[in-house]
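Colleague: I have a structure I would like to understand better, so I am pasting it below and will then ask my questions one at a time.
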Amino acid sequence: MTVCNSGNAKLDAAVESWLKHDKNPTTRQEVLDDIANSRWEKLEGCMLQRQKFGTAGLRGRMAAGYNCMNDVVVLQTAQGLLSYLQKVCHQSQLRNGVVVGYDGRHNSKRFAELTTKVFISASIPVHLFSKVCPTPFVSFATIMYGAGAGVMVTASHNPREDNGYKVYWGNGSQVIGPHDDNILDEIWQCLDIPEDHWNIEEIRSHELVKDCTEDVCNNYNKYIHDSLHEDVREMNKKTSVRSVYSAMHGVGYEYVLKAFQAAGLKEPLSVREQQDPNPDFPTVMFPNPEEKECLELSKKLAEDNNIKLILVNDPDADRLAVAEYDESKKCWKVFSGNEMGALLGCWLLEQHEKTSSDGDVYLLASFVSSKMLKAIVKGRGYFVETLTGFKWMGNTTLVLSQQDKQTLFAFEEAIGYMCGSRVPDKDGVSAAVQVASLASQLYSTGSSLTQQLQALYVRYGYHVSYNGYYICHDPAVIQKIFRRIRNYHGSGVYPKKVGSCEIVHLNDFTEGVKIPEKANGEAHLKVIGTGLDQEYRSGEMVSFRCSGGLGVTVRTSGTEPKLKYYTELVCTAHTEREQEEMRQKLEIMVKEFIEELLQPKENGLIE
């Protein structure tokens, strides 16, 4: 037996335990090589910590170790999830089984089948997709089958080296506390891996494994059809608006085609180079449609075919990027998540008002997203903010539904949209359908998405955002930055002015401090389950509101070594010239604010 002699007893024990459990020859050899070459620092990084459920479940680099994604971590996580479900779920839910799906990344299918083996070994049925599927389909299927839980193996738009493990509770929403912490606690009790759990050779033919692909697709597309009013479907058929679509080397192409058909939309023109799942993402550095390079092939195809609407999913099809060709400027307008959130929120609210006078409807956004939707909703419904991450918006949607309250829409600034409550998570397939339907309506009247956005600015105020982040690998530096914020003018005294910006309200979520206690008498709608109604445990987050309409929020990422900042300026600016001046003004204000508050150079932050 190989002995690890690192000089660190805790590390030696963790490595020995790993070698005892790991039957995968690749990751096992990786650890043996690390021992042979005395890579103790590397082993400490991957062996002494276990991944926690962040804003998007487990996610990390595919490699050996408890802090990475690999067979051992997947099997132990599945075993912990199984054990927890057996303790807390009603037997009827367990009889309904669990849903398991996967994307097109390296090892995703294998991780899904290993998970399936754990559950059928306990005589629990599994609805397993027979091929890659969009992440929102697992949420949808979990509700559809009344399942105990759902598992989606995906790392969404992360680099090709990563994979992940997203867990949905029986209500179709991603797990939040206390379930996430309880599952992690249960994993620690389920570290031993039975020999049989490694055997997945005949998993597909097992009597407890059901291929759910066709059943879920048919029901999902019926949901898409029913989510659109008949007049919208008719307009979709009549206008036959053509769009360019890219699956970004992911899973979306086949599913978007069927959803467009259900909505009466014309089949989009596909970017062939990015159409099929490819875990190496050969045409892009990072498969994130927020990155400009990811839209270049789509733009070229659209220009070659005189098409002015571009829709791009990320690899697991839960997010959506949108671009439109502006004829007047002869260039592409790429919509931010905040801009599209306003357009889609207004569109869905208008569709609701066509058939119902019920103003008791809710529209949601994460706290760091634009406040423009709040202005649109005022007097027509209710606007609710949640913590960052769609698990909070999904959970809030379900809490509201238990009170017979309807959630029309939810969004986050990172191009994630929930168009209805049937999928209590972000859904890039239904979002693509709704954007294309909105475009059909606008194009039929000679308008456009860009012109509609300008009309909303005139009516509800110009809301302009400027967001960014710094990379910081040293937790001590992060602590230093936030300690300075909390003692800016002496012990316990927060900033009153940063640069030229006078601060009129501050909310330190981590410490539970608000200055002043009440924000200018503004009434806030209290909703349970948003994450903002409880103690903040997701790292650091401080929000500032300044005189002159500037809002700034600084927070640490829940999944990456990033220090993020989100800003928005709200003002009156009707003309494009006025808006450009405001954009430039915002950039100057933010640069001044962030440089003084975070001191990037002094703290060695990487931009």
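The values are calculated or read from the model by the stated rules, or taken from the named source; none is laboratory data. Everything quoted here is computed from the prediction, not taken from an experiment. Ideal geometry is used to build each Cβ from the backbone, glycine not excepted, and the neighbour counts take in all protein chains shown. Note: areas computed on protein heavy atoms with side chains; ligands, DNA, RNA excluded. Shrake-Rupley method; radii C 1.70, N 1.55, O 1.52, S 1.80 Å.
Colleague: Would you kindly derive the ³J(HN,Hα) couplings of the stretch 504-513 from the backbone phi angles with the Karplus curve 6.51 cos²θ - 1.76 cosθ + 1.60 (θ = phi - 60°), listing them in order in whole Hz, with x for Gly and Pro?
Modeller: Calculated HN-Hα couplings, in order: 9, 8, 9, 9, 8, 5, 5, 8, x, 10 Hz.
Colleague: Considering only protein heavy atoms and a probe of 1.4 Å, how much of the accessible area of the stretch 519-607 is carbon and sulfur, as a whole percent?
Modeller: Accessible surface attributable to carbon and sulfur in the stretch 519-607 totals 48 percent.
Colleague: Another one. For the stretch 110-226, take the alpha-carbon Rg, divide it by the Kirkwood Rh, and send me Rg/Rh.
Modeller: 0.96
Colleague: Suppose every Lys and Arg Cβ carries +1 and every Asp and Glu Cβ carries -1, with no other charges. What dipole size does the stretch 140-192 come out with about its Cα centre, to the nearest 20 debye?
Modeller: 320
Colleague: Shifting gears a bit: Using the 2.2 N^0.38 Å rule of thumb for compact globular proteins, work out how the stretch 1-78 stacks up: its C-alpha Rg over that value, please.
Modeller: Against the empirical 2.2 N^0.38 Å value, I get 1.05 for the stretch 1-78.
Colleague: Net charge near LYS109: determine it from the other residues with C-beta under 14 Å of the C-beta of LYS109, scoring Lys and Arg +1 and Asp and Glu -1.
Modeller: -1
Colleague: More than 20 angstrom separation, counting every C-alpha pair in the stretch 89-151; what % is that?
Modeller: Within the stretch 89-151, distances greater than 20 Å cover 21 percent of Cα pairs.
Colleague: Per residue, how much accessible area does the chain have with a 1.4 Å probe, in Å²?
Modeller: In whole numbers, the chain has 42 Å² accessible per residue.
Colleague: Which of the listed residues, CYS4, GLY54, CYS68, is farthest toward the dipole's positive end in the stretch 1-99, when Lys, Arg count +1 and Asp, Glu count -1 at the beta-carbon?
Modeller: Result: GLY54.
Colleague: Which residue, chosen from LEU208, HIS21, VAL429, occupies the Cα position most advanced towards the positive end of the dipole of the chain, where the dipole is computed from +1 (Lys, Arg) and -1 (Asp, Glu) charges on Cβ about the Cα centre?
Modeller: So the residue we want is VAL429.
Colleague: Given H placed on each backbone N at 1.01 Å, which residues far from ASP326 in sequence or on other chains put an amide H within less than 5 Å of it?
Modeller: Under 5 Å from the amide H of ASP326: CYS331, TRP332, LYS333.
Colleague: May I pose another question? Going out from 0 in 5 Å bins, what whole percent of all Cα-Cα distances in the stretch 221-320 drops into each bin?
Modeller: Here the calculated profile for the stretch 221-320 is 2, 14, 22, 23, 18, 12, 6, 2, 0.
Colleague: Rule-of-thumb check for the stretch 414-481: C-alpha Rg over 2.2 N^0.38 Å?
Modeller: 1.70
Colleague: Now, a different point. Using the Cα centre of the stretch 104-217 as the reference point, and only Cβ charges (+1 on K/R, -1 on D/E), how large is the resulting charge dipole? Debye, rounded to the nearest 20.
Modeller: In debye, rounded to 20, the stretch 104-217 gives about 480.
Colleague: Same structure, new question: Can you classify the stretch 147-208 as rounded, prolate or oblate using the Cα gyration tensor, where a ≥ b ≥ c are the square roots of its eigenvalues, rounded means a/c under 1.5, and otherwise it's prolate if a/b beats b/c and oblate if not?
Modeller: rounded
Colleague: Oh, and also: Would you mind telling me the share, in percent, of accessible area of the stretch 383-513 contributed by carbon and sulfur at probe 1.4 angstrom?
Modeller: Accessible surface attributable to carbon and sulfur in the stretch 383-513 totals 47 percent.
Colleague: Where the eigenvalues come from the Cα gyration tensor of the stretch 486-607, what are the semi-axes √(5λ) of the equivalent ellipsoid, largest first, in whole Å?
Modeller: The answer is 24, 20, 16 Å, longest axis first.
Colleague: Taking every pair of distinct Cα atoms and averaging 1/r, then inverting, what Kirkwood hydrodynamic radius in Å comes out for the stretch 411-562?
Modeller: Value: 19.0 Å, from the Cα pair sum.
Colleague: If I take the Cα coordinates of the stretch 343-427 and project them onto the principal axes, what are the three extents in Å, biggest first?
Modeller: Computed over the Cα atoms, the extents are 31, 27, 19 Å.
Colleague: Residues with amide H under 5 Å of VAL361's amide H, sequence separation 5 or more or different chain, H placed in the peptide plane at 1.01 Å from N; which?
Modeller: Amide H neighbours of VAL361: TYR382.
Colleague: With θ taken as phi - 60° and the coefficients 6.51, -1.76 and 1.60, list the Karplus ³J(HN,Hα) couplings across the stretch 295-300 in order, rounded to whole Hz; mark glycine and proline as x.
Modeller: 9, 5, 5, 5, 4, 4
Colleague: Just name one of LEU569, VAL138, TRP332: the one whose Cα is farthest towards the positive end of the charge dipole of the chain (beta-carbon charges, Lys/Arg +1, Asp/Glu -1).
Modeller: LEU569
Colleague: According to the square roots a ≥ b ≥ c of the eigenvalues of the Cα gyration tensor, what is the shape class of the chain, taking rounded for a/c under 1.5, prolate for a/b larger than b/c otherwise, and oblate for the remainder?
Modeller: Oblate.
Colleague: On to the next question. Probe radius 1.4 Å, ligands and nucleic acids ignored: give me the carbon and sulfur share of the accessible area of the stretch 169-274 as a rounded percent.
Modeller: Roughly 44 percent of what the probe reaches on the stretch 169-274 is carbon or sulfur.
Colleague: Where nothing but the Cβ of Lys and Arg (+1) and of Asp and Glu (-1) is charged, how large is the charge dipole of the chain around its Cα centre, in debye to the nearest 20?
Modeller: For this selection, approximately 920 debye.
Colleague: Count charges around SER240 for me, please; just the other residues with Cβ under 13 Å from its Cβ, Lys/Arg as +1, Asp/Glu as -1.
Modeller: Taking every other residue near SER240 into account, the sum is +3.
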